[in-house]
Amino acid sequence: MSQLVLRLKAFGNSELAWRFRNSPPVIFAAVALIALVFCAAAASLIAPHNPFDPATLNIMDARLPPAWIDGGSSTYLLGTDEQGRDILSTIFYGMRVSILVGIAAVAFSMTIGVALGLIAGYLGGWVDTVIMRLGDIQLSFPTIMIAFFIDGVAKIVMPIGMREEMRFYVVILAIGVADWVQFARTVRAATMIERRKDYVAAARISEVGNVRILLAHILPNTIGPVLVLATLGLGVAILTEAILSFLGLGMPPSQPSLGTLIRAGNDLLLSGEWWISLFPGAALVLLVLAVNIVGDWLRDVLNPRLR
Amino acid sequence: MNRYLKLLLLTSCAGLAISAAEAKTLRFAESQEISSMDPHAAREDFTLSLIGNVYEGLVRWNKELKIEPALAESWETLSDTQWRFHLRKGVEFHNGNPFTADDVIFSYERAGSPGSPFAGLLEPIAGIAKVDDHTIDITLKRKYALLLNDFAGWYILDKEFQESIGAQKPLDLSTNTGGAMITQGIGTGPFKVASREPDVKTVFVANEKWWDKREHNIDEIVYTPIANNATRVAALLSGEVDFIRNAPPQDVARVEGTPGMQIMRAPHLRNIFYGMDQQSKTLPGLDSNPLADVRVRKAIYQAIDIDGIKRSIMRDNSRPSAIMMAPQLPFYDASLDVRFPFDIEASKALLKEAGYADGFTLPMDCPAGSFINDEQICQATVGMLAKVGIKAQLTMHPPVQFDTELPAGKYSFYMLGWAGLPTLDAYNIISATFHTPTGDLGAWNPKGYSNARVDELIPQIGTEYDTEKRQEMISEVMKLHRDEVGKIMLHQQFLTWGMSDKVHAIVPADEYTRFWYYTMD
Amino acid sequence: MISLLATRLTSVILVMLVVSALSFSIFNFLGDPVNNILGVNATLAQREELRVALGLDQSTFVQFWRFVERAVVGDFGISYRNRQPVVDLILARLPATLELVMCATVIALAMGIPMGVYTALKPRGLLSRSLQFGSLLGISMPQFLIGMLLILVFSVELRWLSAFGRGEVVTLGWWTTGLLTTSGIKALIMPTITLAVFQVSMIMRLVRGEMLEVVRTDFVKFARARGLSDRAVYLTHALRNSLLPVITITGLQIGSLIAFAIVVEAVFQWPGMGMLILQAIEFADFPVMAAYLAFVGFSFVTINLVVDLIYLAVDPRLRAK
Amino acid sequence: MNAIVTEQPLLKVANLGRTFDVSAPFLQRLATGAPRRSVKAVDGVSFAIRPGTTFSLVGESGCGKSTVARLVAGLERPTVGAVEIRKDSGERVRLQMVFQDPVGSLNPRWRIGQSIAEPMARKLGRIERRKRIGELLVTVGLAPSDADKYPHEFSGGQRQRISIARALAAEAELLLLDEPTSALDVSVQAQVLNLLKDLQQKLGLTYLFISHNLSVVRFLTDRIGVMYLGRLVEEGPGEIILENPQHPYTRLLLETVPDLEAPKRDRAPLGGDIPSPLNPPSGCTFHPRCPLAMDVCKKERPELRHSAAGANVACHAIQD
């Protein structure tokens, strides 16, 4: 316990913390990010309504404006959409989906990328060639094209009833698959340097297995840039999901993300019911902006070349 | 270089200004693109509607959607299966060729050739014989009541022109002989094709030599496809186009509220409904098929707050309907068009009676973008069904996939809409969606409603010339289908056409743009 | 050099094969084009007939093989939707997309590089900080949102700019351009901005980062020690050294710009390849989809190759290796 | 073959060879028609080490001495020949290695206690392990509490001590010392060398000592092997080779040994350039630099032969 306190204190005195305290925009972004993530994570507890319990919806409450505008109701702070769902609550729930999709997609590409990067960098030879050539091919497909592919494949393999349920995973896959190459390249480069280091040789002499060498020795020494990449990738992943939604490949209306909400709101842009499209859009931009500011800052701070 | 550029810009601007002052140009935008200038290559309403200004059939629909003579001046039946048509004299194609019986026969052979989308339409015809240059005799394979209706959608081409460009056959995708008709077409209609860039724009100009009296004053029509709803409405609001078909209901108020803009409304022939698998023993995820029970179907029906949908989602641009037939169609029987009331308690009682007091899980499939606000209606339905304990699991499908999977019988509970185009008769509707699937009948009723009496009446409706008997049979079919809840009817969509108030259009229930009735200030 | 070409050539062939194989394996399940071609009233027999005529009744493998056989000689078949040879169709749409992408790239470079230099020169200035924040905002907004907002403001409210299409275009040989007419240039403005926002931000950040890094190298320190002014050091040494990554990234980004043009083209009804593929997907127009994917894959690999060659030309150290 | 036969050697290396493939990538070879190319880093090296003694491999950098160490350690597979490190009982000799670079030899993310524990027997419990780490740290002259620190908190000499502690943790009998002191300051070098010497006496360790520096070798060695371009050119007891070198290359090496009093002085370069190992000279690979070169040296490769001085020498000019 006291060790934890000591460690926290040590962290508080570290350069990282010092630089954090001296960057007001980053503090602001971090606070906003924490607040948004909290609202998303606790959506089912703090959202005033549950927009995904269809039995509670009342179509008579549809298209109410925000509370402070004539005709608005204090029950629905930011108004309601065409189905009578509370906009504030759908934003909380939608943000949860967006963040989950983003994190899962990044985790997916990170896992694949790091694993392949480690293997390619450590084994070298034809394994390396195959993996890296695969990466080149992968980079020849824009994310959107991959999403079209994966969407199509998913429709083949899944029975009709499951398509909507599995959509979450399909979207994660579609976004995640596209991004593994940059992780793999980063990790491969770092691995090729690390594997030549003597501590790896020492481990091998001590008859430590390859898997353990990769996971316990090399991985921790390559993970720094990976985490920065992941933070920056999170913003991109959330944005990509929104773009896929716009093209009809994102999350379905039954479990909408912010992107789905914006797409639905897009049709109402000219209708005068601006709150249905504006608020989810603002939430998305704020979320991605906060993620990017924090990620950007981390990259600057953790990049040894910029010290 | 710079000066040259300026000059170029100046002249082009000036040119535009002059032409705008002199000629009446109607700039028109819609979400779809014309499939082809070949009127026999695609049997799809939007294309037929637009190129119906270029080509004409033997007969045509007038403003009131009644059949009137077009390229045929008159006709008579020689027997139950023999018709004589007297063709209009002095009609010229856009290229100056005279219109004769040979063109009709050529167009019959072309449109009826194997692989043509129109082969089915012309299937009742056994043959066409030329009596003289302006008289033909048509022999039918059997008695058929809807020949004239079908003929309104079958356009006549110039034999000589078609042969000169090598487009004797429609739609030959393997050899691309239809390629010549992508950007050009010669008909007899009120407008000529001036230029066409697929997916960019198509320009039509008035046919000065049209045989009919010119009611319209439009010199030029510029058609631009704009797929995105919001962009299309924005183009109208910004004055870049004068006319859009289908302003989305949510934008109607905005268009009406903009000075110089107007919305023209009309009920559409299309009725939207939920179709149901009533034949399978079990539904996916269940050990029974609740939809086979008429009480369950009625319970779902009564759980749907159709007025709520009308108000919130359709913004009053719909008419809740009880039978699958628009009032604008002949043989419509208003006394049957009475819905079961929206009544949650009654719905729950029916479910309880049928043994589903606790509800059940229902897979539900909807197209995304085929019908007006289809997605929102389906979502609202999920909420409404939840209130009586039915957990609908909604899947949205891209239309191309939906239209493939639905006839294959892959869906249990699905949204569909049917208008009865281009025949404009109840027969088209009921033969496709009421008949037990057999052969070519009931293709859009997979595993669906099945009633022996209905199946017996449908072929008779197709062949009966006597209007009173037809009325009786159609009413009987409609009543049976309604009472047995063969489909869960929702509403009849409204057409909401947005346009500059300079445009004076007519909005027919079949959604066709008949520009020869339009004028502009 | 030769080895680079050889490696890339194999990778082109690989990419093409993988792309077309993948596309073919999923095509059959995206939907049936026959419905769209024949309409809802077609009989079963007619549908079957057309399926046979189009070869859709055959196995995926056979269809794939036939595609590859014909694609080798440049024949990608005929579009189901447009009824035109696919190659003609793509060539007709290509100028619109390339013009959009090129304009966006030029804007991105013209704005991104000076902004990057400025923010590197004066990292603490107010303008720098605003630019920095603006660039973060630029990479935090989905393009369709930017596009719709632009339309709302400049088309609907102000009525200054066109909400859709390319305006008047001038045909030069097989190329069509909107750059020679007022309406064409006006039509280009909003789509270009929409597409460029992300690129401007990225290039600015890239230039800034690279310059800050180069400035820390001994090489620049020596230059400074020689008495060169900061400005001279930054503009001559640092900028020149940071341009190489900018070339690479700009080149590589052209590929993803072509992909993201899909979104922009959908918003502005821009008659380019993005619209083409979207419509093809809607229609289940397999020949167009296959050709588009093959084309995009091909351009990606080609662009990569060109970037590498430029790299070789610019950096003599790499040539020596 | 002139394999040196010694009674019960702990390590025996026979005709060891290692070739590296340095060909261009396959496609490039295909395109340019270039042949496959390879480098003989180690070529026909044989020697043996008796338990409790030190064998030193000496030579300029790039002569293949480190590769020998890596081959012995099992980090590389020999192309030809074999490394025998089994005892008579058939049991494998426990070996460990101490590396040149004190920075790279310890995982920077691991506490040093963790690094030291890595080669320890798996059966040890947590507390025993902890205790043993403390002992080892004391043995190499550090404090038990240092176990919780990270490598970057130590100096280069301390890190080499930690590496030695890690080697001892495995209860190694054979230590491969790959230039363990060359990256250290001279004063620190001496401390580490003393520690190694002490440990050898206390624990009866056997060393294979790799160095380019004969003055360091002098301090620790029993036998010396001199390597040139992958081959042993002279091998024998330390005192003989240091006092009475026969091979012209060994003499050259000894002449250029840095003075311990002026350690930082740049060594005088050897006469002539070191030939490319990619394209070694014919015959005796040393002949282009050799003051005694004869015609036969260009054609025939000399084998190791026992010389009058008591060492084994591979040179045509040295007659029995």
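The values are calculated or read from the model by the stated rules, or taken from the named source; none is laboratory data. Everything numeric in this text was worked out from a predicted model, so none of it was measured. So basically every Cβ, Gly included, is an ideal-geometry build from the backbone, and we count neighbours across all protein chains shown. For the accessible areas, the whole protein counts, side chains as well, though only heavy atoms, and no ligand, DNA or RNA atoms are used. Shrake-Rupley method; radii C 1.70, N 1.55, O 1.52, S 1.80 Å.
Quick look at the values:
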quantity: Antiparallel DSSP beta bridges within the protein assembly as shown, as percent of all bridges there, nearest 5; calculated: 70 percent
quantity: In Å², nearest 10: area of C:S59 left accessible to a 1.4 Å probe; calculated: 60 Å²
quantity: Surface accessible to a 1.4 Å probe, D:K202 within the full protein complex, Å²; calculated: 150 Å²
quantity: Accessible area buried, both sides summed, chains B and C with 1.4 Å probe, Å²; calculated: 4100 Å²
quantity: Under the Debye formula (equal points on every Cα, no solvent term), log10 I(q)/I(0) of chain A at q = 0.07, 0.09, 0.10 Å⁻¹; calculated: -0.36, -0.57, -0.69
quantity: Charge-dipole axis of the protein assembly as shown as Lys and Arg at +1 and Asp and Glu at -1 on Cβ define it, positive-most pick from B:G462, A:I223, A:W68; calculated: A:I223
quantity: Reachable lysines, given that their alpha-carbon falls under 20 Å from the alpha-carbon of B:K159 and they are not under 8 places away in the same chain; calculated: B:K89, B:K130, B:K169, B:K192, B:K209
quantity: The range C:89-287 - percent of accessible surface contributed by carbon and sulfur, probe 1.4 Å; calculated: 70 percent
quantity: Placed amide H near B:L283: partners under 5 Å, 5+ positions off or other chain; calculated: B:S288, B:N289
quantity: For chain D, share of DSSP beta bridges that run antiparallel, in % to the nearest 5; calculated: 55 percent
quantity: Sequence-distant residues sharing a close amide H with D:S56 (under 5 Å, placed H); calculated: D:F209, D:D222, D:R223, D:I224, D:G225
quantity: Distant alpha-carbon pairs in the range B:200-348 (separation over 26 angstrom), percent; calculated: 53 percent
quantity: For B:V241, distant residues with modelled amide H under 5 Å away; calculated: B:L236
quantity: Chain A: angle of helix A:160-178 to the longest principal axis, Cα-based, in degrees nearest 10; calculated: 50 degrees
quantity: Convex hull volume of the range C:230-321 per residue (C-alpha atoms, cubic angstrom); calculated: 110 Å³
quantity: Viscosity 1.002 mPa s, 20 °C: Kirkwood-radius Stokes-Einstein D of the protein assembly as shown over Cα pairs, µm²/s; calculated: 57 µm²/s
quantity: Rounded to 5, percent antiparallel among DSSP beta bridges of the range B:333-442; calculated: 10 percent
quantity: Viscosity 0.890 mPa s, temperature 25 °C, Stokes-Einstein D of the range A:152-259 from Kirkwood C-alpha radius, µm²/s; calculated: 148 µm²/s
quantity: Farthest toward positive dipole pole in the range B:418-521 [+1 Lys/Arg, -1 Asp/Glu at C-beta], among B:W418, B:G498, B:W516; calculated: B:G498
quantity: Accessible surface of the range A:75-123, 1.4 Å probe, proportion on carbon and sulfur as whole %; calculated: 81 percent
quantity: Dipole moment magnitude, nearest 20 debye, chain C about Cα centre, only Lys, Arg, Asp, Glu C-beta charged; calculated: 1540 debye
quantity: Candidates C:R208, C:R159, C:R226: whichever shows maximal mean-square fluctuation once chain C is modelled as a Gaussian network with Cα springs under 10 Å; calculated: C:R226
quantity: Relative contact order computed over chain B (Cα-Cα under 8 Å; 6+ residues apart), in percent; calculated: 19 percent
quantity: In Å², nearest 10: area of C:Y80 left accessible to a 1.4 Å probe; calculated: 20 Å²
quantity: Interface burial for A against D (accessible surface, 1.4 Å probe, total of both chains, Å², rounded to 100); calculated: 1600 Å²
quantity: Dipole-positive endmost among C:L188, C:P245, C:C103 within the range C:89-287 (Cβ charges, Cα centre); calculated: C:P245
quantity: Ellipticity estimate at 222 nm from DSSP helix runs (n ≥ 4, -39,500 (n - 2.57)) divided over chain A, nearest 500; calculated: -23500 deg cm²/dmol
quantity: Per principal axis, descending, Cα span of the range C:89-287 in whole Å; calculated: 64, 37, 32
quantity: Sorted largest first, extent of the range A:1-117 alpha carbons per principal axis (Å); calculated: 57, 38, 29
quantity: Å² per residue, accessible surface of the protein assembly as shown at 1.4 Å; calculated: 40 Å²
quantity: C-alpha long axis of helix A:274-302 to longest principal axis of chain A, angle in °; calculated: 20 degrees
quantity: Accessible area buried at the A-C interface, both sides summed, 1.4 Å probe (Å², nearest 100); calculated: 3700 Å²
quantity: CD proxy at 222 nm, helix term only [per DSSP H run n ≥ 4: -39500 (n - 2.57); per residue of chain B; nearest 500]; calculated: -8500 deg cm²/dmol
quantity: Complex-versus-alone comparison for the range B:231-265, residues with a loss of 20 Å² or more in accessible area, probe 1.4 Å; calculated: B:T231, B:A234, B:L237, B:S238, B:E240, B:Q250, B:D251, B:R254
quantity: Choice from C:G209, C:G55, C:G274 showing the highest fluctuation, given a GNM over chain C with Cα pairs closer than 10 Å; calculated: C:G55
quantity: 0 to 90° range, to nearest 10: angle between helix D:186-203 axis and chain D longest Cα axis; calculated: 80 degrees
quantity: As computed over chain D, the Cα convex hull volume per residue (Å³); calculated: 167 Å³
quantity: Reduced Cα scattering model of the range D:72-111, Debye log10 I(q)/I(0), q = 0.15, 0.26, 0.32, 0.33 Å⁻¹; calculated: -0.58, -0.96, -1.12, -1.14
quantity: Cα-centred dipole magnitude for chain D, charges only on beta-carbon of K, R (+1) and D, E (-1), debye, nearest 20; calculated: 1160 debye
quantity: Accessible surface of chain D, 1.4 Å probe, proportion on carbon and sulfur as whole %; calculated: 50 percent
quantity: Of D:K12/D:K40; B:K201/B:K502; A:K197/D:K12; B:K281/B:K479, those spanning more than 24 Å from alpha-carbon to alpha-carbon; calculated: A:K197/D:K12; B:K281/B:K479
quantity: Ranked order, B:H397, D:H152, B:H94 - accessible area, probe 1.4 Å, largest first; calculated: D:H152, B:H94, B:H397
quantity: Whole-Å distance, taken between Cα centres, linking the range A:153-168 and the range B:59-107; calculated: 51 Å
quantity: Computed [θ] at 222 nm, deg cm²/dmol, chain D (DSSP H ≥ 4; -39,500 (n - 2.57); rounded to nearest 500); calculated: -8500 deg cm²/dmol
quantity: Computed over chain C: relative contact order in percent, which uses C-alpha pairs under 8 Å that are six or more apart; calculated: 26 percent
